[in-house]
Amino acid sequence: MPKDFSRTRRVAEQMQRELALLLQREIRDPRLASVTISGVEVSRDLAVAKVYFTLLDDQADPAEAQRALDKASGFLRHALGESMILRSLPQLRFIYDVTLIKGTELTNLIDQVVDKDRKRHKDPD
């Protein structure tokens, strides 16, 4: 039976914190200025870490940020190795997280429906 707070989850949470700090303090690439780490999933064998990222700037290109993160992955993995105590560090796979965009779109759709419903109840025809 799996534990409520497994080792892979603890490793993923620590990786998320460390990567966020590294992006903030160590990486000077302008393509990564608006990147935030939204989550990390680590495989059970700790071989691969899926790192989900979002962009704070709506105008920023996710593909450019993806390329920049892929290019910096070696440096980030090395820096993680210095701050985390693991026998081997997982390979980093960066994935653009669209849940924030989808959530915003869904919220806008709900707001539109609520506005239409209010107008319909105010103006009985």
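Looking only at the range 91-124, filter to residues that are hydroxyl-bearing (Ser, Thr, Tyr) and in a helix (DSSP H, G or I); which one of those is farthest from TYR52 (Cα to Cα)?
Once the filter is applied, the top-ranked residue is THR107.
From the set of residues in the range 74-100 that are of a type in the set (Val, Ile, Thr) and touching a residue at least 24 places away in the same chain (Cβ under 8 Å), which is nearest to VAL40 (Cα to Cα)?
ILE95
For the range 95-106, enumerate the residues that are among the β-branched types (Val, Ile, Thr), within 13 Å of the chain's Cα centre (by Cα) and modelled with pLDDT under 90.
Matches in the range 95-106: VAL98, THR99, ILE101.
Out of SER38, SER73, I need the residue that is out of contact with any Gly (no Cβ under 9 Å at 6 or more places or on another chain), in a helix (DSSP H, G or I) and either closer than 21 Å to ARG7 by Cβ or among the polar types (S, T, N, Q) (or both). Which one?
Sole residue among the options that is out of contact with any Gly (no Cβ under 9 Å at 6 or more places or on another chain), in a helix (DSSP H, G or I) and either closer than 21 Å to ARG7 by Cβ or among the polar types (S, T, N, Q) (or both): SER73.
Looking at the range 16-25, is at least one residue of a type in the set (S, T, N, Q), in contact (Cβ under 8 Å) with a residue 24 or more places away in the chain and farther than 28 Å from GLU105 by Cβ?
no
In the range 16-39, how many are surrounded by fewer than 18 Cβ atoms within 10 Å (Cβ to Cβ) and among the acidic types (Asp, Glu)?
Here the count works out to 2.
Count, please, the residues in the range 45-63 that happen to be of a type in the set (Asp, Glu) and either modelled with pLDDT of 95 or more or at positive phi (or both).
0
Would you point out which residue out of LEU92, LEU109, LEU80 is surrounded by 12 or more Cβ atoms within 10 Å (Cβ to Cβ), at pLDDT below 95, at negative phi and among the hydrophobic types (A, V, I, L, M, F, W, C)?
Just one listed residue meets the conditions, LEU80.
Please go through (1) closer than 28 Å to ILE101 by Cβ; (2) free of Cβ contacts under 8 Å to residues at least 24 places away in the same chain; (3) not aromatic (Phe, Trp, Tyr) for VAL42 and return the number of the only condition it doesn't satisfy.
Only one criterion in (1) closer than 28 Å to ILE101 by Cβ; (2) free of Cβ contacts under 8 Å to residues at least 24 places away in the same chain; (3) not aromatic (Phe, Trp, Tyr) is unmet by VAL42, namely (2).
The values are calculated or read from the model by the stated rules, or taken from the named source; none is laboratory data. The shown structure was predicted, so the numbers you read here are calculated from the model rather than taken from an experiment. So basically every Cβ, Gly included, is an ideal-geometry build from the backbone, and we count neighbours across all protein chains shown.
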